[in-house]
Amino acid sequence: MKQLSTDHLLGIKYLKKEDIDLIFNTADHFKEVINRPIKKVPSLRDITIANLFFENSTRTKLSFELAEKRLSADIINFSASQSSVKKGETLIDTVNNILSMKVDIVVMRHPNVGAGVFLSKHVNAKIINAGDGAHEHPTQALLDSYSIKETLGTVKGKKVVIIGDILHSRVALSNIFALQLQGATVKVCGPTTLLPKYISSLGVKVETNLKKALAWCDVANVLRVQHERMDIKYFPSIREYTQLFGINKEILDSLGKKIVIMHPGPINRGVEITSDVADSKQSIILNQVENGVAIRMAVIYLLAQQIKK
C-alpha cells in the first residue's frame, strides 16, 4: 500500500503532489463510506487520538471528531480553556501527560506559529496540525482543493481567487501552497491593509478590484474578516468593506459566466457574502463541510498506517 512521504501533517509546504493525490484517492473511498447507511469502518479500532484545541474551534473540531468516530478510533478531547494550561503548564508537559495515556495521534490547534513542528520534534506521536496561528491549516486547504476537483474535474489549470482577510488567515497560505502544487493559478483580492507584504514572493498576483478578480477566476474562495486577530483598525468600517469586497447576487449575475463560490466558514452573512450567494447553486460551501470529514478520515487513516503496533 502507498504511504505518505511525511510522518506528520504539519503543513502543505511539507507535502508532495503524490501525497495530495494519495489523500484524495483515500478520501474518495471514505466519502463512499460516509454515504452508506452504516457510516463506520473498524479501520482504527486499536488507535487512540487526542484532540488538543488551545484555541476555540467548532467546525474543525467537530469534523475531526466525526472523522475519528467513523474510523472507530478511541478519542480524548482536550480543551485548553478548561485545562492546566491556564494554570501555567507548558505545551510539552500537557502533551507528555496525554501521551502517557498511550495516545498514537495528536490533532492540535494552537495560537502560536510552528507549534505542531515544535511538538513533532519532542513527542513520540503523529501530529496533525489543525491550525497554527495565522500560519497553516492543511486539512482545510486539502478539503478545499478536493471540493474544486470534485466540482470542476481537476484543479490543474484552474484560476482561483482568494478574497478577504489574507493577512490573518491560515487558510489562505495553506490554500496557496496546495493549489500551486496541483497546477492552479492563484490571485488574492482584498484591502491592501489585509494583504501580507510577502504575498507576491509566493508567486501570487494581487487584484484589489473585486469585479476584475471575479471576472478572471473559475473559483472564488471567500474568507471572513478575522476581527479576533486584529489589534488595530485595518479598514474604516464593516459597511465600507462590504461595499468594496462583499459578494452579492447582483455582482455574480453581472459576470456573464458561472463561477464556483467557496467559504471555509464561519460565514459573516451580509459582510463578505450575502445569503443569496451562500445558498445559491454556485456555492459549494456545504460540499466543503461534507468533504472535510472524508479528507480528515483519509489523513488520519494514512498516518495511522505508519504506526507500528
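Looking for whichever is surrounded by 21 or more Cβ atoms within 10 Å (Cβ to Cβ), outside any loop (DSSP other than H, G, I, E, B) and over 19 Å from the mean Cα position of the chain (by Cα) here; the options are Ala213, Ala172. Which one fits? Let's see the steps before the verdict.
On the way: Ala172 fails: over 19 Å from the mean Cα position of the chain (by Cα).
Only one candidate passes the filter, namely Ala213.
Right, Val188: assigned to a strand (DSSP E or B) and closer than 26 Å to Glu68 by Cβ or not?
Criteria not met by Val188.
Mind listing whichever residues of region 149-161 are more than 18 Å from Asn291 (Cβ to Cβ) and either of a type in the set (A, V, I, L, M) or not assigned by TED's automatic domain parsing to the domain that holds Lys258 (or both)? First the steps, then the outcome.
If we filter region 149-161 for residues that are more than 18 Å from Asn291 (Cβ to Cβ), which is where we start, we get 156-157, 159, 161.
Selection gives Val161 alone.
Take the residues in region 263-278 that are outside any loop (DSSP other than H, G, I, E, B) and either charged (D, E, K, R) or not assigned by TED's automatic domain parsing to the domain that holds Lys158 (or both); name whichever of them is modelled with the highest pLDDT. Write out each step before concluding.
Narrowing region 263-278 to residues outside any loop (DSSP other than H, G, I, E, B): 269, 273, 275-278.
Among the residues that remain, those that are also either charged (D, E, K, R) or not assigned by TED's automatic domain parsing to the domain that holds Lys158 (or both) are: 269, 276.
Details: Arg269: 93, Asp276: 96.
Only one residue tops the list, namely Asp276.
What number of residues in region 86-111 are at pLDDT below 90 and farther than 20 Å from Ala304 by Cα?
11
Test each condition in (1) in a helix (DSSP H, G or I); (2) surrounded by 16 or more Cβ atoms within 10 Å (Cβ to Cβ); (3) not charged (D, E, K, R) for Gly131 and report the one that comes out false.
With (1) in a helix (DSSP H, G or I); (2) surrounded by 16 or more Cβ atoms within 10 Å (Cβ to Cβ); (3) not charged (D, E, K, R) applied to Gly131, the lone miss is (1).
Does Val293 satisfy the condition of being assigned to a loop (DSSP other than H, G, I, E, B), touching a residue at least 40 places away in the same chain (Cβ under 8 Å) and aliphatic (A, V, I, L, M)? Don't jump to the end; show me each part of the working.
Values: assigned to a loop (DSSP other than H, G, I, E, B): no; touching a residue at least 40 places away in the same chain (Cβ under 8 Å): yes; aliphatic (A, V, I, L, M): yes.
Judged against the criteria, Val293 is not a match.
Considering (1) outside any loop (DSSP other than H, G, I, E, B); (2) surrounded by fewer than 24 Cβ atoms within 10 Å (Cβ to Cβ); (3) out of contact with any Lys or Arg (no Cβ under 9 Å at 6 or more places or on another chain), say which one Ala178 fails and leave the rest.
The failed condition is (2).
Scan region 28-79 for residues that are exposed (fewer than 14 other Cβ atoms within 10 Å of the Cβ) and either in a loop (DSSP other than H, G, I, E, B) or in contact with a Leu (Cβ under 7 Å, 6 or more places away or on another chain) (or both) and jot them down.
The answer is Asn35, Arg36, Pro37, Ile38, Lys39, Lys40, Pro42, Arg45, Asp46, Asn56, Thr58.
Exactly one of these conditions fails for Ile251: (1) of a type in the set (Val, Ile, Thr); (2) crowded, with 18+ Cβ neighbours inside 10 Å; (3) modelled with pLDDT of 95 or more. Give me its number.
Condition not satisfied by Ile251: (2).
Looking at region 194-211, is at least one residue acidic (Asp, Glu) and in the same structural domain as Val271 (by TED's automatic domain parsing)? Talk me through it step by step, then tell me what you get.
From region 194-211, those acidic (Asp, Glu) are 207; that's our starting set.
Now drop any that are not in the same structural domain as Val271 (by TED's automatic domain parsing), which leaves 207.
Yes.
Conditions (1) surrounded by 19 or more Cβ atoms within 10 Å (Cβ to Cβ); (2) in a loop (DSSP other than H, G, I, E, B); (3) in contact (Cβ under 8 Å) with a residue 60 or more places away in the chain, marked per residue:
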{"site": "Ile261", "(1), (2), (3)": "yes, no, no"}
{"site": "Lys281", "(1), (2), (3)": "no, yes, no"}
{"site": "Val289", "(1), (2), (3)": "no, no, yes"}
{"site": "Met297", "(1), (2), (3)": "yes, no, yes"}
{"site": "Leu302", "(1), (2), (3)": "yes, no, yes"}
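Evaluate region 177-200: report whether one residue or more is charged (D, E, K, R) and at pLDDT 95 or above.
Looking for residues that are charged (D, E, K, R) and at pLDDT 95 or above, one finds at least one in region 177-200, hence yes.
The values are calculated or read from the model by the stated rules, or taken from the named source; none is laboratory data. Owing to the predicted nature of the structure, the values given are computational and were not obtained by experimental measurement. Neighbour counts are summed over all protein chains in view; Cβ atoms, including those assigned to glycine, are modelled from backbone coordinates with ideal geometry.
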